[in-house]
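Down below is the structure, laid out as structure tokens.
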Amino acid sequence: MSDVREAGQDGPAGTPAAARATADVEDSTGLTGGPTRGLTIGVDVGGTKIAAGLVDSAGKIVAEGRRETPATSPPEIVAAIVEVVKELRSRAEGQEVEAIGVGAAGFVDASRSEVLFAPNLAWRKEPLKEAVQARTSLPTVVENDANAAAWAEFQFGGGRDVDDMILLTIGTGLGGGLVLNGELYRGAFGVGGEVGHFRVVPNGHLCGCGNRGCWEQYASGRALVREARDFARSSPSQADALLALAGGTADRIEGPMVTKAAAAGDTAATELVQDLGRWLGEGIATLAAILDPAVVVIGGGVSEAADLLLEPARNAFWRQLTARGHRPTLEIRPAVLGNEAGIIGAADLARRR
């Protein structure tokens, strides 16, 4: 992270990012007050773990903490957040901790106070900001976790040289965060950017959201696992590398096994990753037609397949792009910050509260 610039610092002269300003007026997060220089805490609440970090103004994590997510009890989740915040404050070495940013997996309301709904947690209209703030006595900001990660990549990572970017996170599902004209785009009700749930196949695979044919069902870790297991069951003689990694049982194949086999040159695994890349690129072409970003940054666990995934995505995007060859076009880039993006983004948004 040695090449990362300070939060709010102008980008190179002549680039769109040079317009980013940090004056004490409404800043590019849509919040009042410019970014501060002290330490803030970023908390990334997922379905299985709570990861948190003490973050400086350059986006560097100087201390980290983790807890298991008690997924069935909202008060216990708050208690776990408060506990890890307390631990990190004790490790601040005398420096003031100014605020907390919480990235929550779920729909966050427009005021960024409540988690309206979280499919993998017991949150339903949970007043998370109020609960954390009351128990820590620190100003608290709540943000959707994909938005927090997108903000981190925009400020410090793969999108730091542009003002319009999309982050796609390919994990179990397909998440998205939008930064347009230098601002996080949340939509009228705070739930914008749920790009994994636009339909790409009428009457296609059933999605966890209840609809059929969502993009997430074709361009995600879950999709990769489903296709790999189906292939191993129907063509076991061609799936020997995958089955070897899974102990000979198709139903034990997991996403990292597929990307590992593909990286080792296995033909079947490579084709599975490339198919996912093609679905990804076709969907990006649709996003480009609507939003016209300069960059799409690809993160999440499946993105570790690198160019085995990204090159098919770029090729499919180009084939589906309207007016290709007659217009400027976006770049598809790998994410820079990895699993730390949610922590860094939440902390930086708290700094800009």
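The values are calculated or read from the model by the stated rules, or taken from the named source; none is laboratory data. As the structure is a prediction and not an experimental result, all values here were calculated from the model. Cβ atoms come from the backbone with ideal geometry, glycine included; neighbour counts cover every protein chain shown.
Looking at (1) crowded, with 22+ Cβ neighbours inside 10 Å; (2) at pLDDT 90 or above, find the lone condition where V302 falls short. It fails just one condition, (2). Just one of the listed residues (G208, G196, G248) is assigned to a loop (DSSP other than H, G, I, E, B) and modelled with pLDDT under 95, namely G208.
Working only within the range 81-106, note down all residues that are of a type outside the set (V, I, T) and surrounded by fewer than 20 Cβ atoms within 10 Å (Cβ to Cβ). Within the range 81-106, E83, K86, E87, R89, S90, R91, A92, E93, G94, Q95, E96, E98 qualify. Take the residues of the range 82-124 that are among the β-branched types (V, I, T) and in contact (Cβ under 8 Å) with a residue 60 or more places away in the chain: which is nearest to R186 (Cα to Cα)? By that ranking, first place goes to V108. Screening R352 on (1) modelled with pLDDT under 95; (2) out of contact with any Pro (no Cβ under 9 Å at 6 or more places or on another chain); (3) surrounded by 16 or more Cβ atoms within 10 Å (Cβ to Cβ); (4) within 14 Å of A152 (Cβ to Cβ) shows it passes everything except condition (2).
Within the range 105-114, track down each residue that is of a type in the set (A, V, I, L, M, F, W, C), in contact with a strand residue (DSSP E or B) (Cβ under 9 Å, 6 or more places away or on another chain) and either closer than 9 Å to A346 by Cβ or in a loop (DSSP other than H, G, I, E, B) (or both). Residue satisfying the conditions is A105 alone. If you go through the range 227-245 and keep only what is among the polar types (S, T, N, Q) and not in a loop (DSSP other than H, G, I, E, B), you end up with S234, S237, Q238. Sub-7 Å Cβ pairs linking a first residue in the range 302-325 that is more than 25 Å from R222 (Cβ to Cβ) to a second residue that is at pLDDT 90 or above and not in a helix (DSSP H, G or I), at least 6 apart or interchain, are L321/T329, ordered by first then second residue. Scan the range 315-335 for residues that are modelled with pLDDT under 95 and aliphatic (A, V, I, L, M) and the total you get is 2.
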